[in-house]
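I'd like to ask you about the structure that follows.
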Amino acid sequence: MARHVFLTGPPGVGKTTLIQKASEVLKSSGIPVDGFYTEEVRKEGRRIGFDVVTLSGLRSPLSRVGLEPPLGKRECRVGQYVVDVTSFEQLALPVLRSASSSSGSGHGVCVIDEIGKMELFSQPFIQIVRQILSTPGTVVLGTIPLPKGKPLSLVEEIRNRDDIKVFTVTKENRNHLLQDIVIYVQRSRK
C-alpha cells in the first residue's frame, strides 16, 4: 500500500479545499498535522496572486501580479505572477522541517499544497520535499498539478514513486473524495 497521498486535478477544482477538510478531520481524530496550503488572493473580484498559509494560520505572499523582484535577484515568473521565493521559503521551509521532524517518529501528517511551478523555484523546497518523502514514518498529504506542457521534474518523480497514491479530483467526484482520502491517510500511518 502507498504511504503518501497526493491530489491532482485542474486549477480551481477543489484540491486545496479537500486538503483543508482532510487536515481538520485528521486533527480532530488526534493525528498531528502540520504543513501549508496555497490560497488565492483577490482584490475587487480579480485574482492578484497567491499566499502560502500554514495550518497554524501564518500567512506570507507566494506571488503577485506586477510584483517587482528584489534588486539583484533573478525574476521568477509564472504567467503574469512574479513569485516571491524568499517570502515563500521563510514561511514554508521551517514548517516543513518541523512537520518532518515531528512526523518522522511515525505519528504525524505533513501537508504540502502545492508542489507546483511557483514552489519549484526554491531549491531548498525541492530538497526538503525529497527528504520528507524518504523519511520513514512520515505521511505526506499533498497536491500536484496535472501534467501540462513541459514536465516538472519533481512532480514527475513523485508521480513515478511506488509509495504514492494519487487521487484525481474532478467537479463530479470532489464532494465524495474526502472520506476516501482520510481513510487512506489513516491507514498509511499504521
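The values are calculated or read from the model by the stated rules, or taken from the named source; none is laboratory data. None of the values given here were measured: they were computed from a predicted structure. Cβ coordinates were reconstructed from backbone atoms using ideal geometry, including for glycine residues, and neighbour counts include every protein chain displayed. The accessibility values were calculated without ligands, DNA or RNA, using every heavy atom of the protein model including side chains. Shrake-Rupley method; radii C 1.70, N 1.55, O 1.52, S 1.80 Å.
Identify all residues within segment 6-45 that are touching a strand residue (DSSP E or B) at 6+ places or on another chain (Cβ under 7 Å) and in a helix (DSSP H, G or I); write none if there are none.
Listed by number, the residues that qualify are LYS15, THR16, LEU18, ILE19, GLN20, ALA22, SER23, LEU26, LYS27.
In segment 147-190, how many residues are outside any helix (DSSP H, G or I) and farther than 28 Å from SER122 by Cα?
Here is the first cut: in segment 147-190, the residues outside any helix (DSSP H, G or I) are 147-152, 160-176, 189-190.
Next cut, farther than 28 Å from SER122 by Cα only: 170-176, 189-190.
Residues that pass the stated criteria total 9.
Moving on to the next point. Against the condition touching a helix residue (DSSP H, G or I) at 6+ places or on another chain (Cβ under 8 Å), more than 17 Å from THR138 (Cα to Cα) and assigned to a strand (DSSP E or B), how does GLU89 come out, does it pass? Working first, answer last.
Numbers: touching a helix residue (DSSP H, G or I) at 6+ places or on another chain (Cβ under 8 Å): yes; more than 17 Å from THR138 (Cα to Cα): yes; assigned to a strand (DSSP E or B): no.
Against the criterion (touching a helix residue (DSSP H, G or I) at 6+ places or on another chain (Cβ under 8 Å), more than 17 Å from THR138 (Cα to Cα) and assigned to a strand (DSSP E or B)), GLU89 does not qualify.
Sticking with this one: Taking segment 109-127, which residues are open to solvent by 10 Å² or more (accessible area, probe 1.4 Å) and closer than 26 Å to SER29 by Cβ?
First pass over segment 109-127, keeping only residues open to solvent by 10 Å² or more (accessible area, probe 1.4 Å): 114, 117-118, 120-121, 123-124, 126-127.
The one that is open to solvent by 10 Å² or more (accessible area, probe 1.4 Å) and closer than 26 Å to SER29 by Cβ: GLU114.
Right, next: Looking only at residues that are of a type in the set (A, V, I, L, M, F, W, C) and modelled with pLDDT of 95 or more in segment 141-154, which one is farthest from VAL5 (Cα to Cα)?
So, considering only residues that are of a type in the set (A, V, I, L, M, F, W, C) and modelled with pLDDT of 95 or more, the one farthest from VAL5 (Cα to Cα) is LEU154.
Mind checking which residues of segment 132-146 are under 23 Å from LEU93 (Cα atoms), open to solvent by 60 Å² or more (accessible area, probe 1.4 Å) and in a loop (DSSP other than H, G, I, E, B)?
Of all residues in segment 132-146, those under 23 Å from LEU93 (Cα atoms) come to 132-145.
Adding the requirement that they be open to solvent by 60 Å² or more (accessible area, probe 1.4 Å) leaves 134, 136.
Scanning segment 132-146 gives a single hit, PRO136.
Examine segment 47-59 for a residue that is outside any loop (DSSP other than H, G, I, E, B), open to solvent by 60 Å² or more (accessible area, probe 1.4 Å) and not charged (D, E, K, R), and state whether such a residue exists.
To start, the set of residues in segment 47-59 that are outside any loop (DSSP other than H, G, I, E, B) comprises 47-54, 59.
Filter again for open to solvent by 60 Å² or more (accessible area, probe 1.4 Å), leaving 47, 59.
Among the residues that remain, those that are also not charged (D, E, K, R) are: none.
No, there is no match, as no residue in segment 47-59 is outside any loop (DSSP other than H, G, I, E, B), open to solvent by 60 Å² or more (accessible area, probe 1.4 Å) and not charged (D, E, K, R).
While we're on this one: Do we find a residue being part of a loop (DSSP other than H, G, I, E, B), modelled with pLDDT of 90 or more and not charged (D, E, K, R) anywhere in segment 103-115?
To start, the set of residues in segment 103-115 that are part of a loop (DSSP other than H, G, I, E, B) comprises 104-108, 113-115.
When the remaining residues are screened for being modelled with pLDDT of 90 or more, the result is 113-115.
Keeping just the survivors that are not charged (D, E, K, R) gives 115.
There is at least one residue in segment 103-115 that is part of a loop (DSSP other than H, G, I, E, B), modelled with pLDDT of 90 or more and not charged (D, E, K, R).
For (1) in contact with a His (Cβ under 8 Å, 6 or more places away or on another chain); (2) under 12 Å from GLU114 (Cβ atoms), each residue gets a yes or a no:
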| residue | (1), (2) |
| --- | --- |
| PRO11 | no, yes |
| LYS15 | no, yes |
| ILE31 | yes, no |
| TYR37 | no, yes |
| GLU44 | no, no |
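Quick one: in segment 2-39, which of the residues that are on the phi > 0 side of the Ramachandran plot and out of contact with any Pro (no Cβ under 9 Å at 6 or more places or on another chain) is least open to solvent (accessible area, probe 1.4 Å)?
Keep residues of segment 2-39 that are on the phi > 0 side of the Ramachandran plot, which gives 9, 12, 14, 30, 35.
If we keep only those that are out of contact with any Pro (no Cβ under 9 Å at 6 or more places or on another chain) too, we end up with 12, 14, 30, 35.
On the way: GLY12: 76, GLY14: 20, GLY30: 64, GLY35: 0 Å².
Looking at residues that are on the phi > 0 side of the Ramachandran plot and out of contact with any Pro (no Cβ under 9 Å at 6 or more places or on another chain), I get GLY35.
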